[in-house]
Amino acid sequence: MESGPESELGRSDRASRRWDRGALPPGDDGPLTLTGLSRSERFLLGAVVVAVAAAGVTRYVAGVSNVLAFVVATVALAGTAWVVSFSVDQVGRRLGPGPTGLMQASLANLPEFFVVIFALNGGHLIVAQTAIVGSVLVNALLVLGLVIVAGARRAGRGGKGVMRFSPRLPNDTATLLLVATFIIVLAALTHTAHDAASHHIKTISIISACAILVVYGAWLNQYLRSKPGSRPADETPPRVAMRVSLGLLTAAGVASAFVSDWFVHALEPTIHTLGISQQFAGLVIVAIAGNAVENITGLVLAYKGRSDLAISVVKNSVAQIAAFLFPLLVLVSLLLATTLTFALAPVYIGALVLTTLVLWQVTGDGEAAEFEGWALVALYVILATLTIYE
C-alpha cells in the first residue's frame, strides 16, 4: 500500500490526468453537443422545454383554467431552475465560485426585474415594493438558511457538521446591504417627521440610486479582478463544452423570466379569490417564485459540498437586488406610470435592518452550523406570517 508524500503525489497526478482527459480548454472546448449528459438528464432537459412551451400556451390561449396555468408555470419554473443549476455547476468547474455565482445571480434575478416593471406600469406600487424587499429577504433568510442546513449536513451527521466558506463575499454583501438600507432608513425617518426633505423624496431617491450604483460598480470591479478559488484535487471535469454550458445558462435564465411572468399572471386571480393581501403576494409568493432558481441551485450545490459556490450564488443575488436592481428600478421607474422610491413601510425597513445584522453575524466568520440555518428560516417564517395580516 502506498503511503507518504509519494502516494499523495501519485493521487495528485492521477487527478491531474483525469482533468487533462476531460477538461475542455476555453479556446477549443469541444463539439457543441449534449453527449456528456446522461440519458435521464437529456430527458429532463427535453421535459423542461416542453413545460416552458406549455406554460406559454396556457398563458396566451383563451379559456384555459387559471389553476392549470399556475401548475404548468410552476413546473416550468422548477425545470428552468434545474437547468440553471446544472449549467452553473459545469461553468463553476472552470471559472471558480466568484464569477460563476455573479453570472448565475444576474440571470436568476431577471424575474424580479420584469415583475416589478409590470407591477409599476400597472400602478401596483405595493406589489412592486414588496417584491423587491421580499427578494432580498427570501434570499438572505429562507434560501441562505436552507443552503446552510444542507451544507452543514453534508459536512457532518447528527447536527455536528459546520459549513465552511470564504468570509469575504458574506462581509461584502452585508456592507452593500447596509449602504442600501442607509438611504431607506433615512427616507422613512424624514417621511415620518414630515420635514422639508420629505417633500423631495423622489429627487433624493434618484440621487441616492446613482450613488449606490457607483458603490456597486466599484465593488463589482474589485470582485471580478480577484483570483478564482482553487479547484479541488478530486473534482471531476466538466461534461459539456463551455459554450454549451453558457448557452444553457443564458436560455434558462431568460426562460425563467418569462415563466415567472406567466406564473404571476396565473396566480393573480387566485390571490383575489382567496383574499390574500398584496403585501403577502409580493413579499412571499412573488419573491419565492422569482427566486426559485436560487432555491434549487444553492441547495444542490450545498448538497454536493460546493460550499463557496453555493454561498456565492445566494449572496451575489442579495447584493445585486439590494445594491443594483433596487436603485436601477428607481431610475427606470421614471419612465413608467408609477415612480418607485426608497420610501417603504416601517415594518419592512425594520426587517431589512435586522436581516443585515443577522446576515453579518451568521456568515461573517466564514462558517455556519445547521441551527443557524434553521434560525434564518424561522425569521423568514415569522415575517411571512406577519404579512398575512398587513
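Just so you know, all these numbers are worked out from the coordinates, no wet-lab data involved. The shown structure was predicted, so the numbers you read here are calculated from the model rather than taken from an experiment. Glycine also receives a Cβ, built like all others from the backbone with ideal geometry; neighbour counts cover every protein chain displayed.
Compute the normalised compactness of the stretch 107-200: alpha-carbon radius of gyration over 2.2 N^0.38 Å, N being the residue count. Mind showing how you got there, number by number?
Numbers: Rg = 18.3 Å, N = 94, 2.2 N^0.38 = 12.4 Å.
In units of the 2.2 N^0.38 Å rule of thumb, it is 1.48.
Determine, for THR203, THR339, THR387, the number of other Cβ atoms within 10 Å of each Cβ, and report the residues in order from fewest to most.
On the way: THR203 11, THR339 15, THR387 21.
Least crowded to most crowded, the residues run THR203, THR339, THR387.
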- Query: For TRP262, TRP374, what's the fewest-to-most ordering of other Cβ within 10 Å of each Cβ?
  - Reply: TRP374, TRP262
- Average projection area in nm² (convex hull over Cα atoms of the stretch 238-390, one quarter of hull surface): 11.5 nm²
- Task: For the stretch 247-375, give the magnitude of the charge dipole about the Cα centre (Cβ charges: +1 Lys/Arg, -1 Asp/Glu; no others), in debye to the nearest 20.
- Result: 200 debye
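Neighbouring Cβ atoms within 10 Å as the yardstick, rank SER166, SER135, SER40, SER260 fewest first.
Values: SER166 15, SER135 31, SER40 8, SER260 26.
Fewest to most other Cβ atoms nearby, the residues stand as SER40, SER166, SER260, SER135.
Report the local net charge at ALA150: Lys and Arg +1, Asp and Glu -1, summed over other residues whose C-beta lies under 12 Å from its C-beta.
On the way: positive: ARG153, ARG154, LYS304, ARG306; negative: GLU370.
So the surrounding residues net to +3.
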- Note on the structure: With Rh as the Kirkwood radius over Cα pairs, the stretch 308-390 has Rg/Rh of 1.03
